[in-house]
């Protein structure tokens, strides 16, 4: 794995825009001299906020604020770190950053501060990714889960399983190294029950990671149906405000409208599409083409029908054209006008929901059904805000354990499967991760983190 480079990096660490306070952060090896230059020729006291007038050599006074100096290794990156806290205007921040660059620092790449923290063993890869997840969290539940991963909860669960795998590998390899011994290491150590226990623990971690991935990515829900069946009204009801224009004129919605709502901490990306029908209107036809694209990208399809008329031949044609593999709920809307109660029915695997998007009657049933389709079940706060690569690694580790269990008479193969399982888990924390993957991960961070 690469080492942390020796040069000094600098970037604005606070969000773009105007604010009361802005921060310029620097990190590198042996920043004492640079800290002295920024502090009027005196080395600042470590970890103590010092009031300073920030000046450059050409224009004079830039700003007044606080300077903080964190000598290595007791800093976020594990290197010397300097922070300049000034007034949070974009011009002031740029002037402070330019001054730091003139003193020999270079502009940091996206995620480079966190990458250096990882390379200097201040955090593992799962914790580093949690930094970005915390910044990007769209719900309170996602933020709390990201903090758990940042504090090391996810990594601790992974390391616990790795530790058990190391013990098992030791037992298997001892049996291979001393075949003449009368003691069967595997049997005496209850290796098979241990592997079964590891499988159970892996399944539990995988389940919590899958729940966290759902919390992170959410669910894309597409509203589909003929014109004027109430798709826009349902979008507004789920959003809690008037997001879409609602009229009695068929074809009012021409383009896909997107709104993200939260249900039990899960972000639902609701997409209202143009009514599906044959039309000569070129603008409406473009909207219908875009609707079909959204339909094919959907996680769940809400198929709306007017409860007063039921399924028509046109509705049946739409049903036939919808992707069969995508979960679907048939929503009989306007049940209030049809004098029907709100209810949910399931028959032969098909789900039908009667509701009124106008009054909201039955919409809570829809929310519950969407969570059910998503596979969400209430955990406490022990989910891991996982990424796809984490899920893939956990599934791979589990696969190798299952294969090892089937090799109880072939110890060499069992030992290899245990090694591969351990290595798969190491991809999560960064123990066995290629440098190009690290570059991909950290390039998605914002500059200054």
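Rule-based calculations on the coordinates, nothing more; no lab input. Bear in mind that the values here come from a model prediction, so they are computed numbers and not experimental data. We place every Cβ from the backbone using ideal geometry, glycine too, and count neighbours over all the protein chains shown.
Per-structure values
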| item | result |
| --- | --- |
| Segment 81-122: Rg to Rh, with Rh as the Kirkwood radius over Cα pairs | 1.04 |
| Fluctuation leader among 309, 155, 29 - the chain, Gaussian network, Cα springs under 10 angstrom | 309 |
| DSSP beta bridge pairing in segment 318-413, given as percent antiparallel to the nearest 5 | 55 percent |
| Segment residue 403-residue 204, extension gain: residue separation times 0.36 nm, minus the distance between their alpha carbons | 69.8 nm |
| Per-q log10 I(q)/I(0), segment 9-124, q = 0.17, 0.24 Å⁻¹ (Debye; single scatterer per alpha-carbon; no solvent) | -0.78, -1.50 |
| Taking the convex hull of Cα positions in the chain, its mean projected area over all directions (nm²) | 30.0 nm² |
| Share, in percent, of DSSP beta bridges within the chain that are antiparallel, nearest 5 | 65 percent |
| FRET efficiency for residue 64 and residue 138, using Cβ-Cβ distance with R0 set to 45 Å, rounded to 0.05 | 0.80 |
| Extended-chain gain in nm, criterion 0.36 nm per residue less alpha-carbon gap, residue 194 and residue 147 | 13.8 nm |
| The chain: most fluctuating residue of 301, 62, 12 per GNM, C-alpha cutoff 10 Å | 62 |
| Among 337, 34, 214: highest mean-square fluctuation, GNM of the chain, C-alpha pairs under 10 Å | 337 |
